[in-house]
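The values are calculated or read from the model by the stated rules, or taken from the named source; none is laboratory data. Note that the coordinates shown come from a computational prediction; the quantities given were computed from them, not determined experimentally. Positions of Cβ are backbone-derived with ideal geometry, glycine not excepted, and every protein chain shown enters the neighbour counts. When the accessible area is computed, the model is the full protein with side chains, heavy atoms only, and any ligands, DNA or RNA have been set aside. Shrake-Rupley method; radii C 1.70, N 1.55, O 1.52, S 1.80 Å.
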Amino acid sequence: MLWGGGFSAPPAEVLRRFNDSFSFDRALIAEDVAGSIAWATELGKSGVLPAKDVKALVAGLRAIAKEHEDGSLPEGGHEDIHSYVETRLYEKVGAVAGKLHTGRSRNDQVATDVRLYVKNALVEARALTLTLVEALATLALREAATAMPGYTHLKRAVPVTLGHWANAYAEMLLRDVDRFATSLERANECPLGSGALAGTPLAIDRQRLAASLGFARATANSLDGVSDRDAAADYLYASTMLLSHLSRLSEDLILWNSDELAFVGLPDALATGSSRMPQKKNPDVLELVRGHAGRAIGELTGLLAVLKGIPLAYDKDLQLDKEPLFRMRATLSLALAALTPLIAGLIVHRDAMKTAASDDRLLTTELADALAARGVPFREAHEIAGKRIAQALAEGKSLKALGTSDVIRAADLEAVDVAKALARRTTFGGTAPALVARSAKALLAKTKSLRRKA
Ligand code: ARG
């Protein structure tokens with residue numbers, strides 16, 4: 001019991017059940033022990049505790065860390081991970097355990113644990129996302145010239161390449177990678193030494209303490225230090241944005257995997273079957289990613305709502321910062337680990353894509369462009385081509401089969417061709433196969449260099 005001194009009655013059972021966080025913050029054991037080792041060591045370096053006490057504390061804490069390396073902790077009976085570690089430390093080293101909390105509060109302790117956890121989660125998310133970017137860019141390189149219909153409003157628009165599609169998601173995900181990296185820069189400050197809220201009277205060196213835990217610097221204000229959860233919110237936002245991108249990617253692939261489009265198939269190992277309908281191969285992985293994106297928005301808005309109204313400094317509301325973090329990390333690690341081999345093993349039905357991309361509707365813009373290129377004002381060219389495609393569709397004929405007219409020349413009809421349409425999109429950022437291949441290579445080089453920077 002950490003705080004019973006001034007109380008005349010023990011905590012009610014219902015208080016314990018409502019107040020205790022051990023059932024979930026036990027996941028912070030590694031961070032909590034690391035923070036305590038750093039704190040004990042700094043108490044020694046700054047002359048607050050004698051070396052022999054520090055030695056005993058550190059040895060006891062190391063033993064606790066080792067004992068739980070496999071993650072096995074008792075089920076309950078402790079208020080939180082901090083009281084658990086302290087109790088266990090008493091069992092291991094005796095009364096000297098009571099010196100560990102000198103000048104420290106659970107407020108700066110838990111803020112430090114959460115920072116350490118978020119930093120690890122950001123590093124992990126960044127690495128997993130980079131791996132998926134590589135899978136997408138590799139797909140893009142392989143399918144740089146694979147024609148498929150490009151859509152707006154989910155209506156056939158103009159042809160694009162499958163590689164261009166894959167590169168589009170790689171670009172989005174690189175922005176997510178950047179969000180994880182910049183979040184990490186901001187999270188890289190250590191609140192330990194902020195005390196309960198006002199700082200600590202001990203002559204410790206907070207910068208040295210921060211550095212010993214791998215932080216870039218100490219937080220600059222103790223009130224802010226114990227109550228700031230921006231890093232948690234940053235992580236949830238960056239993750240939610242990533243999942244939102246992955247949800248769009250999933251939705252595209254779910255559509256393409258439908259029997260109606262059949263542009264792609266999924267590798268068997270990453271598709272699911274039906275207990276009733278033997279023919280089914282379902283895209284559950286993609287549907288779960290889409291669903292998780294929705295839940296992630298809830299996690300983010302939930303935490304923001306918890307944070308917005310709490311008076312300085314620490315309030316118990318802050319205890320609720322942890323479960324969303326834990327759930328998000330579990331979700332991201334599985335979602336990214338499943339999507340990466342799914343993209344790498346995606347079965348592309350190139351003929352179906354090409355047939356769909358050869359639909360005259362996707363090439364009507366080429367006809368208008370051809371007219372405009374020889375001086376017909378584009379608005380007139382648009383009208384002429386529009387009338388022509390309407391006629392073609394009404395008569396069930398192709399644009400080429402309708403042939404020339406008083407305004408449409410044979411040379412204009414030459415432009416009505418998928419490969420030509422693709423090859424013409426050569427301005428920076430366009431879908432021309434040569435550009436797509438170049439972009440894919442640049443993306444692969446970029447991921448490589450970002451990985452080295454990590
Ligand atoms: N379990 C608490 C949390 O997660 C630890 C901090 C408790 N601090 C306090 N003043 N009661 O926030």
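Points to keep in mind about this one:
- Where a residue in region 93-117 is in contact (Cβ under 8 Å) with a residue 40 or more places away in the chain and of a type in the set (S, T, Y) and its partner, wherever it lies, is open to solvent by 10 Å² or more (accessible area, probe 1.4 Å) and not in a loop (DSSP other than H, G, I, E, B), with Cβ under 6 Å and at least six apart: Y117/E31
- Residue satisfying condition, being among the basic types (K, R) and either open to solvent by less than 70 Å² (accessible area, probe 1.4 Å) or modelled with pLDDT of 95 or more (or both), within set K453, K354: K354
- Matching option when the condition is within 17 Å of the chain's Cα centre (by Cα) and basic (K, R), among R290, R388: R290
- Long-range neighbours under 6 Å by Cβ, at least six apart or interchain, first residue over 18 Å from L435 (Cα atoms) and hydroxyl-bearing (S, T, Y) within region 123-142, second assigned to a helix (DSSP H, G or I) and open to solvent by 10 Å² or more (accessible area, probe 1.4 Å): T131/T340
- If you go through region 59-118 and keep only what is of a type in the set (V, I, T) and more than 28 Å from the chain's Cα centre (by Cα), you end up with I64, V85, T87, V93, V96, T102.
Condition check ((1) of a type in the set (A, V, I, L, M, F, W, C); (2) free of Cβ contacts under 8 Å to residues at least 40 places away in the same chain; (3) within 16 Å of the ligand (Cβ to nearest atom)) across all residues:
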{"residue": "I297", "(1), (2), (3)": "yes, no, no"}
{"residue": "T301", "(1), (2), (3)": "no, yes, no"}
{"residue": "D315", "(1), (2), (3)": "no, no, yes"}
{"residue": "F326", "(1), (2), (3)": "yes, no, yes"}
{"residue": "T340", "(1), (2), (3)": "no, no, no"}
{"residue": "G375", "(1), (2), (3)": "no, yes, no"}
{"residue": "Q391", "(1), (2), (3)": "no, yes, no"}
{"residue": "G396", "(1), (2), (3)": "no, yes, no"}
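Results for (1) of a type outside the set (S, T, Y); (2) out of contact with any Ser or Thr (no Cβ under 7 Å at 6 or more places or on another chain); (3) closer than 11 Å to L342 by Cβ, shown as yes or no for each residue.
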| site | (1), (2), (3) |
| --- | --- |
| H245 | yes, yes, no |
| M277 | yes, yes, no |
| N282 | yes, no, no |
| L286 | yes, no, yes |
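- The condition of being under 15 Å from D360 (Cα atoms) and part of a loop (DSSP other than H, G, I, E, B) holds for only one of V416, V407, that being V416.
- Residue check, R361 closer than 25 Å to R248 by Cα, more than 15 Å from the chain's Cα centre (by Cα) and open to solvent by 60 Å² or more (accessible area, probe 1.4 Å): yes
- Taking the criterion of being more than 14 Å from the ligand (Cβ to nearest atom), acidic (D, E) and either open to solvent by less than 30 Å² (accessible area, probe 1.4 Å) or under 22 Å from L49 (Cβ atoms) (or both), the only residue of region 66-104 that qualifies is E91.
- Within region 246-285, the set of residues being under 14 Å from the mean Cα position of the chain (by Cα) and open to solvent by less than 10 Å² (accessible area, probe 1.4 Å) comprises L246, L249.
One line per residue, one yes/no per condition, for (1) closer than 18 Å to H101 by Cα; (2) open to solvent by 70 Å² or more (accessible area, probe 1.4 Å); (3) of a type in the set (V, I, T):
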residue: P10; (1), (2), (3): no, yes, no
residue: R17; (1), (2), (3): no, yes, no
residue: F22; (1), (2), (3): no, no, no
residue: R26; (1), (2), (3): no, no, no
residue: I29; (1), (2), (3): yes, no, yes
residue: W39; (1), (2), (3): yes, no, no
residue: E42; (1), (2), (3): yes, no, no
residue: G47; (1), (2), (3): yes, no, no
residue: K52; (1), (2), (3): yes, yes, no
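- Taken as a whole, region 411-420 holds at least one residue that is over 30 Å from A140 (Cβ atoms) and open to solvent by 60 Å² or more (accessible area, probe 1.4 Å).
- Looking across region 286-311, the residues that are over 18 Å from R327 (Cβ atoms), in contact with an Asp or Glu (Cβ under 9 Å, 6 or more places away or on another chain) and open to solvent by 30 Å² or more (accessible area, probe 1.4 Å) come down to G309, I310.
- Elements of type helices (runs of 4 or more DSSP H) contained in region 337-399, each with 3 or more residues being over 19 Å from A147 (Cα atoms): 364-373, 378-395
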